[in-house]
Amino acid sequence: MSVVARRLVAFMAALVLAVEAVGVVIINVVLGTVVKNQDMSLAGTDPEVMSKGTWVLGGVFGLFLLLCAVLLALTGARDRAPGRVARAALICCAVVHGVLGALTVGLVGWAAFGWMTAVLGLIVLTLVAYGPQGAGPASEQQAGPEPEQPAAPAPA
């Protein structure tokens, strides 16, 4: 994959995750407000607690998506593979998108499944394009260690 395409995919994934983070926060604020206004309990749970829990979870998930967006933007800007912690965060984000994509088929519909799968594809493509060794300009030149040269025979 060329450097330009690799960077473009990383930046597109970052932009999509940033937009998704805003959408997740907005959806959770609306759901929390609806729960609060209905004043209904679920198995004796306080509606105020459920409402605040929804707002907090939406904020935490939105921050996680923004963190992943920043990591992808840095990956594209530096044209280097993300580090171990960043790679683990991006893999977690990809797994979450895969699981939520599978759940949205039945709950929301095929359009939501397509969106989640597209985001999953962008994250995975970025991770694969940069590879585990950090496919940047320096690592493309270093294919491996130099083979050892045999020692010259000792004079007899």
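Report yes if LEU72 is under 14 Å from the mean Cα position of the chain (by Cα), at pLDDT 95 or above, under 18 Å from LEU15 (Cα atoms) and open to solvent by 30 Å² or more (accessible area, probe 1.4 Å), otherwise no. No, not satisfied. Tell me, please, whether a residue that is part of a loop (DSSP other than H, G, I, E, B) and either more than 17 Å from LEU125 (Cβ to Cβ) or polar (S, T, N, Q) (or both) can be found in the range 17-29. No - not one qualifying residue is present in the range 17-29.
Scanning the range 33-69 for residues that are basic (Lys, Arg) and modelled with pLDDT of 90 or more turns up just one, LYS52.
Which residue is farthest from LEU74 (Cα to Cα), if the candidates are limited to the range 12-39 and must be among the small types (Gly, Ala, Ser) and crowded, with 16+ Cβ neighbours inside 10 Å? Looking at the filtered set, the residue picked out is GLY32. Taking the residues in the range 75-91 that are hydrophobic (A, V, I, L, M, F, W, C) and farther than 16 Å from PHE11 by Cβ as candidates, determine which candidate is most open to solvent (accessible area, probe 1.4 Å). By that ranking, first place goes to VAL85. The residues listed here are ALA81, ALA73, ALA69, ALA94; of these, the one that is in contact (Cβ under 8 Å) with a residue 24 or more places away in the chain, closer than 20 Å to TYR130 by Cβ, of a type in the set (A, V, I, L, M) and in contact with a Phe, Trp or Tyr (Cβ under 6 Å, 6 or more places away or on another chain) is ALA81.
Restricting the range 92-129 to residues that are more than 19 Å from VAL24 (Cα to Cα) and among the aliphatic types (A, V, I, L, M), the residue that is surrounded by the fewest Cβ atoms within 10 Å (Cβ to Cβ) is VAL128. Within the range 1-11, if we keep just the residues that are of a type in the set (Gly, Ala, Ser) and either in contact (Cβ under 8 Å) with a residue 60 or more places away in the chain or outside any loop (DSSP other than H, G, I, E, B) (or both), the residue that is least open to solvent (accessible area, probe 1.4 Å) turns out to be ALA10. Return yes when ALA151 is modelled with pLDDT under 70, on the phi < 0 side of the Ramachandran plot, open to solvent by 70 Å² or more (accessible area, probe 1.4 Å) and not in a helix (DSSP H, G or I) and no when it is not. Spelling it out, ALA151 is indeed modelled with pLDDT under 70, on the phi < 0 side of the Ramachandran plot, open to solvent by 70 Å² or more (accessible area, probe 1.4 Å) and not in a helix (DSSP H, G or I). Considered as a group, the residues in the range 37-69 that are of a type in the set (D, E, K, R) and part of a helix (DSSP H, G or I) include one that is nearest to VAL9 (Cα to Cα), and that residue is LYS52.
The values are calculated or read from the model by the stated rules, or taken from the named source; none is laboratory data. Values in this document were obtained by computation on a predicted structure and should not be read as measured data. Methodologically, a virtual Cβ is constructed for each residue, glycine included, from the backbone with ideal geometry; neighbour enumeration extends over all protein chains shown. These area figures cover heavy atoms from the full protein model, side chains too; ligands, DNA and RNA do not enter into them. Shrake-Rupley method; radii C 1.70, N 1.55, O 1.52, S 1.80 Å.
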